[in-house]
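Engineer: Quick one: the structure is below, questions incoming.
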Amino acid sequence: MAPRRIDARELPAGSALARRLAQIEKVARAVTLEHDGTPVEARAGEPVALSLAAAGRLTLARSPKYHRPRGAACLRGDCDGCLVRAGDQPGVMACRLAADSGMKLTSQNAFPTAGFDVFAVTDWFFPKHLDHHRLMVDFGDAVNRTMQVFARRMAGSGTLPELPTGVVPHRTRDVDVLVVGAGRAGLAAVETLAREGLSALLVDEEPAPGGAQRDRVDLAPERPTVSVDAMFDATAAATYANETLVVQHGAITRVTCRARLFATGTRDVIPAFARNDLPGVVTARAFARALTWGVLLGERVVIVGPAATGARVNEVLRALGVKTVYAPDGEVVEAHGATAVRKVTVREKGATAEHRCDVLVCADEPVPAYELAGQAGAGLAWDHDRRCFAPRSDDEGATERDGVYVAGTVRRRMSDEQRSDDGVRVARRIARDLRGSR
Amino acid sequence: MTAKVMLCRCEDVTLDEVDEAIALGHTDIESVKRYTGFGTGWCQGKQCVTLCARVLAERTGEAPTLPFTPRPPVHPVPLGALASLGAHGGDDDA
């Protein structure tokens, strides 16, 4: 029982996912990567984290204090699970790295390897927690210094490149509106802004537009057209005053603008339960994303949580003949396993049951990706229903900071259509505000 | 591995540790962050702020205080790229 690749013929003919996979298979080019010295077969262009998962390599690193095994959990650049050294670059997210021929990947922070790490003994030595802050201050200067050296050795984030990489020159851009997020809301917004005669720059971390739709196993592949200036594979990494730093392929573009619109959507969260950090514990969207690349992360799958992605994944798995346990109203009590999940305890409707599995899919409702809006100065508020923070905005997406707007699911839960409508609504408000300020 | 409940994966901060912080009187997000170090790792709070805020809400019975400002960069940025923002790096410098 291990992760494996699936192909379009295993799925009902004509189904959305079958069509997606057929499209990938048509252009697939086999390449060979190297992970910790072992050759790994991959498809050019797919996320390296999935190439490794498909080869059964789920454990990619070790955690800083306890050296617990770490594996890809979100596959969307939101966690620490898949950090690798790629070539001589440490701390590269393997989920955001496109596989290419001859890539050399090494696991980080593990002695000797991520699969077997002697320092994992710390995990057993400190079964509840290790309060390194107190250990450092309570026992005087000498102990403190020793602990510092020890901590640095234990908790590295990879080894630095042997040679300096040199300075990569930056570019500058000036536009009326910077739109971050090329999902439904962001795409609708940039179209509206163009019609209103405003210049806009659209930025998204993914290699293509589509946002949350890109991970939908129930939708046929589509590639929305973008008529405005856009940067993909590009992260809006920092935003302050009137400037936003966009990082694309290791180079920075300084974007100045009159208004910033954050249509950053949502993130997935793995809830709190015992061993929630085991490799093989993934979010529903991570599991769905793997499927859209033709990678099945496990053969015995437990899906827990109410999010729609969980139900969609379950449907695909049944069609594939994969054994699933689906508990939309359940909650995970505990995951079990030494270096990967092997069993999970689930409580549902008052009853507790144990299920053997090799993947646990956490289908919790996603939470707003408020980070950039918050950094830009938008106020935040606690959402009592969803139990998460969300940016505060008025009906038209204006936040309490002038020139900072939010649209789409970063504001609240919305249907697909509502997301587009919201993008249009907020873009019109921006146009009105900018005309007024001229 | 042991049955820890990990609230902050990047910095290995457990539920037990956050509970200890709360017991010592740290009942706002900023103080819990300073005591435990949660939210200071690779993800800069993308995973852990929600989880810690939920624990605080449960333990105190009140809406949690607002979170700390998410620090840049949103994703790690190579130092070579940042270096160009200095005096002589960019194409816009006179």
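Read-outs throughout are calculated quantities, based only on the coordinates presented, and are distinct from any laboratory measurement. Keep in mind that this is a model prediction, so the values were computed, not measured. Please note: Cβ atoms are built from the backbone with ideal geometry, for glycine as well, and neighbour counts cover all protein chains shown.
Engineer: Please work out the FRET efficiency for the pair A:D88 and A:K323, using the Cβ-Cβ distance as r and a Förster radius of 35 Å; give the result to the nearest 0.05.
Structural biologist: 0.25
Engineer: Something else now. Which of A:T244, A:T165 comes first, and how do the rest follow, when ranked by fewest Cβ neighbours within 10 Å?
Structural biologist: By the 10 Å Cβ count, ascending, the order reads A:T165, A:T244.
Engineer: Test of understanding: express the Cα radius of gyration of region B:7-49 as a ratio to 2.2 N^0.38 Å, with N the residue count.
Structural biologist: Taking the Cα Rg and dividing by 2.2 N^0.38 Å, one obtains 1.01.
Engineer: Can you give the percent of C-alpha pairs in region A:224-331 whose distance is more than 22 Å?
Structural biologist: The proportion of pairs with Cα distances above 22 Å equals 52 percent.
Engineer: Another question about this same structure. Rounded to two decimals, what ratio of Rg to Rh does region A:247-289 give with C-alpha atoms and a Kirkwood Rh? Provide the component values of the computation, followed by the final result.
Structural biologist: Numbers: Rg = 17.0 Å, Rh = 14.4 Å.
Ratio of gyration radius to Kirkwood radius: 1.18.
Engineer: Let me ask something additional. Once you have the Kirkwood Rh of region A:178-217 from its Cα pairs, apply Stokes-Einstein at 10 °C and 1.306 mPa s and quote D in µm²/s. Provide the component values of the computation, followed by the final result.
Structural biologist: Working: Rh = 10.4 Å.
Answer from the Stokes-Einstein relation: 152 µm²/s.
Engineer: Taking every pair of alpha-carbon atoms in chain A, give the share separated by more than 30 Å as a whole percent.
Structural biologist: Here the long-distance tail beyond 30 Å is 49 percent of all Cα pairs in chain A.
Engineer: Continuing with the same structure: Return the percentage of antiparallel bridges among DSSP beta bridges fully within the protein assembly as shown, rounded to the nearest 5 %.
Structural biologist: Of those bridges, close to 60 percent are antiparallel.
Engineer: Under a 5 Å amide H to amide H cut-off, with H placed in plane at 1.01 Å, what residues pair with A:G379 once short-range neighbours are removed?
Structural biologist: For A:G379, the qualifying residues are A:R392, A:E400, A:R401.
Engineer: Another question about this same structure. Can you sort A:V92, A:V404 by how many other beta carbons sit within 10 Å, fewest first?
Structural biologist: Taking fewest neighbouring Cβ atoms as first place, the list is A:V92, A:V404.
Engineer: Now for a separate question. Where the Cα atoms of region A:169-248 are projected onto their three principal axes, how long is each span, largest first, in whole Å?
Structural biologist: Taking the Cα atoms of region A:169-248, the three principal extents are 40, 29, 19 Å.
Engineer: Please state, as a whole number in µm²/s, the translational diffusion coefficient that the Stokes-Einstein equation yields for region B:6-78 at 10 °C and 1.306 mPa s, with Rh defined as the Kirkwood radius across alpha carbon pairs.
Structural biologist: 131 µm²/s
Engineer: For region A:326-399, go through all pairs of different Cα atoms, get the mean of 1/r, take its inverse, and jot down that Kirkwood value in Å.
Structural biologist: 15.2 Å
Engineer: Write out the cysteines belonging to chain B for which the nearest other cysteine Cβ is not under 4.7 Å, or none if no such cysteine exists.
Structural biologist: B:C10, B:C43, B:C52
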